[in-house]
Structure formats: C-alpha cells, structure tokens
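S.K.: Would you mind keeping the following structure in view while I ask a few things?
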Amino acid sequence: MDIAALSKTRLADKGQLTEGGGGYTFWSSTEQREAGVGFAIQSHLTHKLAKLPEGINDRLITLRLPLGNKRSATLISAYAPTMTNPDDIKDKFYEELDTLIAAVPQSEKLIVLGDFNARVGTDYQTWEGILGRHGFGKCNSNGLLLLKTCATHDLVITNTLFHLLTRNKTSWMHPCSRHWHLIDYVITRKRDWQDVTVTKAMCGADCWTDHRLIVSKLKLHILPVRRPQGQKTAKRLNVSKLKSSVIAGKFREDLDSRLLDTPQDDHTSIEEQWMAFRDAVYSTALKNLGPAIRRYQDWFDENDEEIQALLSEKHQLFRAHQNDPTSQAKIDAFASARRKVQKKLP
C-alpha cells in the first residue's frame, strides 16, 4: 500500500515517526490520546509531498498530494464518534468535517477515508449518486449524518459501487450480535468516481484490530519532485565492462587503494561516512568503466538500395491499381508486392 489512513492511533505525541527498515513514515494528528487519526505513507513518497500532513484535531487530519496538470488531491483521514456518543459531539464532528471539505478547492480531487461508525444502508434510489447499487445492511442515525454530508458536497461512497461478496463488503463485526457491518468508507467526488478501480475489505489481513482493512485502488499519478535547474545527475556507468576479468580486477584494486587512502575520523557522522564511501565507489567506477554509451540503431535504413527498390515497386503497383481499380491482375500484383515488402521489412 502506498498510503494508509489510520484511526484510533492514540499516540502520545503528534508529528512524524519513521519506521526503521519498514519503509513507512507515520503522521499523527494531535497530542490528545482520546481518539487519534493519522497517515502511514511509503517513505519514498514523502519527498513528493507539497507539505506535511496537517492535523486538525484528534479526529481529522489532511494530506495533500501534487498530481499532474497542476492539480492536487486532498486526502482526509477521519474517525467519527460512535453511536454511544452524545449528539452534540457527533454534530460537532460533522460540522468540522463539513468545513474541512468546503475548504478544498473544487478543482482538486478529494478522498475521504476512515472509520465513520456509520451504517449507510442500501437505499440507492433515495440517495441517488451517493450510494451505489451494492450497499450493505440498514441505515442508522450516524449513517444519515454521513449521507447528508455527502449530499451537500456531491460525494459518492465508493464501497457501494462494486458487486462483491459479502465478506468483501463488511468491515466490522459487532461483539454482541456477531453480525458483520460496513462502517469504514472511502469517499470521493462524484465526478472522480471513475478514478476508483475497486474498494473492498481484505478478509485475511491481520492488523491486530477488530476491523477488516478496507483497500481502495485509484488511478492517480503523483507528480515527481522537479530537479532544480542546473543540478547535474550522475552519469550511468558502462557496467558491461565488468565482464572482463582484467577490468574488474583493476577496478577492485583501485577501489581498495582509494578506500585505504580515505582518512577515518571517529567524529564523522554516519551520513558523512556513507557519502564519502559512495563518492569513492562512483568516481573509481567512472574512471575504470566510463559512462554508458547509448546506441540508437534504426530499424530502417533509408539508404538501403534493396529496400528502396522494393518500396518503389510497391508504389508503382499501387498507383497502377488506383488508375484501374477494377483490374484483378493489378490488385493481385499490388497485394503480392505489399506482402513482399512486409516480409523483407519486419
């Protein structure tokens, strides 16, 4: 997964946390440990972010992704109050969510993810354009609040758009009734629903939680970070020369000599030591192997006399066929010449 929206994080502090060796960077919303939301992002994507995720409160956090054509996508990770919470707490959450969604420009893509503790039901006729034909269960009061918010901002609940098995629709089992329900959603703008290829629950994902993991695949292209003008990139190396034992041996000797001559300082940081080692390896390799040579070989040589003769013959027969389109002999001659040219020029 590239990006995961997290609920019930309840971390002690807000801010950034990088998982050593795991490849993910985590962001938590606030220092409060009552609810907690956040994002987990593959670390290689973090340098592409326009800015760091912004925690609104302990139930809402936003993330902005730069896309192509000078557009952006705003992701909101949400954790709504449960049914047992007072109405004023629920109303406050949806007021804050409404304000947050309204602040996102209409030109931007919007993706709202999270645990809404709401059942939206299957009444797609009443909630046309908001619910698809493949919802699940019955609607409750929390579901009505979510549906009204979606109606206000022209949003669609993508979980209900896909015809899936029941186990791929439901996300949480009630601890008393042991019935499965759908309470976790991925929501987008109506105009962008075609970006979503599937939204479903993963039954076998063990996440140490009572919820099934909801996975949504979207066709989004994250814009890479532009390299500053004037910044040079390292040349590719002609590694094919390493097949020669003589050149490989010379490269190894030069590298050993270069590393032995590099001064060692106990006060040098790990990053500085790595950069010195990297530069030594690259400069030695460039000296022994040289840069890679690109050879562009044309599949067609316009100066080849045989090819030109074949094409000339085909063109003459084609013009003869155009002058007398009813002549079967000329049709056959042109077809034969075309097959001959295609066979000679694969």
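S.K.: Scan (1) within 28 Å of the chain's Cα centre (by Cα); (2) of a type in the set (S, T, N, Q); (3) assigned to a helix (DSSP H, G or I); (4) surrounded by 19 or more Cβ atoms within 10 Å (Cβ to Cβ) for the single condition ASN142 breaks and write down its number.
M.R.: Here ASN142 meets the rest and fails (1).
S.K.: Criterion first (touching a Leu at 6+ places or on another chain (Cβ under 8 Å) and among the small types (Gly, Ala, Ser)) does ALA102 satisfy it? Lay out the reasoning, then the answer.
M.R.: Working: touching a Leu at 6+ places or on another chain (Cβ under 8 Å): no; among the small types (Gly, Ala, Ser): yes.
When the stated conditions are applied, ALA102 does not pass them.
S.K.: Something else now. From the list THR158, THR152, which residue is crowded, with 20+ Cβ neighbours inside 10 Å, in contact with a helix residue (DSSP H, G or I) (Cβ under 9 Å, 6 or more places away or on another chain) and at pLDDT 95 or above? Step through it out loud before you land on a result.
M.R.: Details: THR152 fails: crowded, with 20+ Cβ neighbours inside 10 Å.
That would be THR158, the only listed residue that is crowded, with 20+ Cβ neighbours inside 10 Å, in contact with a helix residue (DSSP H, G or I) (Cβ under 9 Å, 6 or more places away or on another chain) and at pLDDT 95 or above.
S.K.: What's the number of the condition SER107 fails, among (1) part of a loop (DSSP other than H, G, I, E, B); (2) under 28 Å from THR9 (Cα atoms); (3) out of contact with any helix residue (DSSP H, G or I) (no Cβ under 9 Å at 6 or more places or on another chain); (4) small (Gly, Ala, Ser)?
M.R.: Unmet for SER107, out of (1) part of a loop (DSSP other than H, G, I, E, B); (2) under 28 Å from THR9 (Cα atoms); (3) out of contact with any helix residue (DSSP H, G or I) (no Cβ under 9 Å at 6 or more places or on another chain); (4) small (Gly, Ala, Ser): (2).
S.K.: Among the listed residues ASP154, ASP210, ASP192, which satisfies the condition of being closer than 20 Å to LYS8 by Cβ and among the charged types (D, E, K, R)?
M.R.: On the way: ASP154 fails: closer than 20 Å to LYS8 by Cβ; ASP192 fails: closer than 20 Å to LYS8 by Cβ.
Of ASP154, ASP210, ASP192, the one residue that is closer than 20 Å to LYS8 by Cβ and among the charged types (D, E, K, R) is ASP210.
S.K.: Please indicate, with yes or no, whether at least one residue in the range 220-229 is open to solvent by 100 Å² or more (accessible area, probe 1.4 Å) and either touching a strand residue (DSSP E or B) at 6+ places or on another chain (Cβ under 8 Å) or at pLDDT 85 or above (or both). Spell out the reasoning first.
M.R.: At the first step, the residues of the range 220-229 found to be open to solvent by 100 Å² or more (accessible area, probe 1.4 Å) are 221, 226-227, 229.
Filter again for either touching a strand residue (DSSP E or B) at 6+ places or on another chain (Cβ under 8 Å) or at pLDDT 85 or above (or both), leaving 221.
Yes, that holds for at least one residue.
The values are calculated or read from the model by the stated rules, or taken from the named source; none is laboratory data. Nothing here was measured: the structure is a model prediction, and the numbers come from that model. Heads up, the Cβs are rebuilt from the backbone with ideal geometry, glycines too, and the neighbour counts pull from every protein chain shown. Surface areas here come from the heavy atoms of the whole protein model, side chains and all, with no ligands, DNA or RNA. Shrake-Rupley method; radii C 1.70, N 1.55, O 1.52, S 1.80 Å.
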